[in-house]
1. How far apart, in nm, are two points set 7 Å out from the Cα along the Cα-to-Cβ line at A:Glu96 and at B:Asp101?
2. How much mean residue ellipticity at 222 nm does chain B get from its helices, if each DSSP H run of length 4 or more adds -39500 (n - 2.57) and you divide by all residues, to the nearest 500 deg cm²/dmol?
3. Neighbour counts of other C-beta atoms within 10 Å: give me B:Glu47, B:Glu72, A:Glu86, A:Glu13 arranged from fewest to most.
4. Using Cβ contacts closer than 10 Å as the measure, can you line up A:Ile37, B:Ile55 from fewest to most?
5. Using a Gaussian network for chain A with springs between C-alpha atoms less than 10 Å apart, which of these wobbles most: A:Phe117, A:Phe77, A:Phe67?
6. If we hang a label 7 Å off Cα along the beta carbon direction at B:Gln64, how far is it from the matching labels on the other copies, in nm, shortest first?
7. Out of every Cα-Cα pair in region A:19-131, what percent are more than 19 Å apart?
8. Can you work out the Karplus-derived ³J(HN,Hα) for every residue in region B:7-13? Use 6.51 cos²θ - 1.76 cosθ + 1.60 with θ = phi - 60°, whole Hz, and x for glycine or proline.
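Just so you know, all these numbers are worked out from the coordinates, no wet-lab data involved. Bear in mind that the values here come from a model prediction, so they are computed numbers and not experimental data. Because the Cβ atoms are built from the backbone with ideal geometry, glycine has one as well, and the counts that use them run over all protein chains shown.
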2 protein chains.
Amino acid sequence: MRRTEQRSVILEELRRASDHPAADDVYLRVRERLPHISLSTVYRNLELLATEGLIRKIEHGGGQKRFDPVAEPHSHFHCSDCGRLEDVPFAVELPELDRDDPWVRARVIYGGRADYFGLCPACAGTDRVLP
Amino acid sequence: MRRTEQRSVILEELRRASDHPAADDVYLRVRERLPHISLSTVYRNLELLATEGLIRKIEHGGGQKRFDPVAEPHSHFHCSDCGRLEDVPFAVELPELDRDDPWVRARVIYGGRADYFGLCPACAGTDRVLP
DNA sequence: GTATCTGCAAAAGTTTTGCAATCCA
DNA sequence: TGGATTGCAAAACTTTTGCAGATAC
């Protein structure tokens with residue numbers, strides 16, 4: 001993987017973002033700094049960076065895939081109302097799997113992840129009135 | 001929601017499937033029985049059935065959304081190699097959230113789900129040689 | 001009878017790909 | 001220099017939508 005300005009800026013802008021942007025959000029942000037960059041370059045680099053393990057691709061409701069600058073597995077919170085996608089600010093431990101279970105033994109399980117869904121502060125109204 | 005033959009057959013075929021098919025897989029199966037059905041009807045019905053809570057739409061790696069005939073939340077196992085999506089055959093309990101945590105208090109959390117990823121028996125080779 | 005539903009076709013939205021030119025090591 | 005990378009345009013793919021006619025209740 002070579003170092004190119006496009007690749008660096010894409011990674012920088014993704015790391016600066018806190019909202020798990022989709023490819024075309026990244027494109028818009030990167031374009032502020034590199035006005036001639038093309039959307040395919042953004043797609044190709046996000047894909048490559050995810051393959052190389054520097055970032056993470058997230059499946060999320062809605063048409064687009066989102067990208068996470070944090071490659072380490074962690075939990076997300078999805079707002080069912082506005083679609084916001086946030087990091088859960090603490091580690092969620094999944095229960096240990098029973099290694100003797102035949103279903104578990106028949107598979108190689110790399111890991112697991114817990115995701116939560118509900119209403120974010122803005123949609124729940126708790127960002128205005130705190131109880 | 002009215003009862004139509006198309007809707008019934010779509011639901012039946014989804015319930016008969018064990019592989020969490022995508023919309024166009026459902027379309028292919030339904031077409032065996034209703035050769036004149038259109039893909040949009042399949043999309044519209046899967047969407048409606050999911051909205052009504054009879055089935056569940058699953059976000060999953062790869063371009064297409066998948067559908068699950070089981071509406072109750074349960075865990076899935078994603079094969080990183082071949083893309084197979086299976087039900088985890090036991091309940092995975094998520095740890096209780098700390099209701100006094102300010103992050104938790106600021107949100108309305110409907111629920112969570114644990115998903116696992118790794119290699120399925122075929123891709124791990126354990127369907128041929130059992131240890 | 002009327003609101004819902006279907007099929008068709010077209011549109012919309014997202015992601016991928018072919019290719020010639022350019023760039024990095 | 002040579003392989004990786006880019007920009008552009010076109011293609012591919014998935015999903016949604018408009019509309020006229022058919023259907024369920």
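1. According to this spin-label approximation, the distance is 2.2 nm.
2. On the way: 5 runs with 44 residues, N = 131.
Mean residue ellipticity, 222 nm, calculated: -9500 deg cm²/dmol.
3. Numbers: B:Glu47 15, B:Glu72 7, A:Glu86 18, A:Glu13 22.
Least crowded to most crowded, the residues run B:Glu72, B:Glu47, A:Glu86, A:Glu13.
4. Numbers: A:Ile37 17, B:Ile55 22.
Starting with the residue having the fewest Cβ neighbours, the order is A:Ile37, B:Ile55.
5. With Cα springs under 10 Å in chain A, the top fluctuation among A:Phe117, A:Phe77, A:Phe67 is at A:Phe117.
6. Sorted ascending, the copy-to-copy spacings read 2.4 nm.
7. Values: 3776 of 6328 pairs.
Of all Cα-Cα pairs in region A:19-131, 60 percent lie more than 19 Å apart.
8. 4, 4, 5, 4, 5, 4, 5
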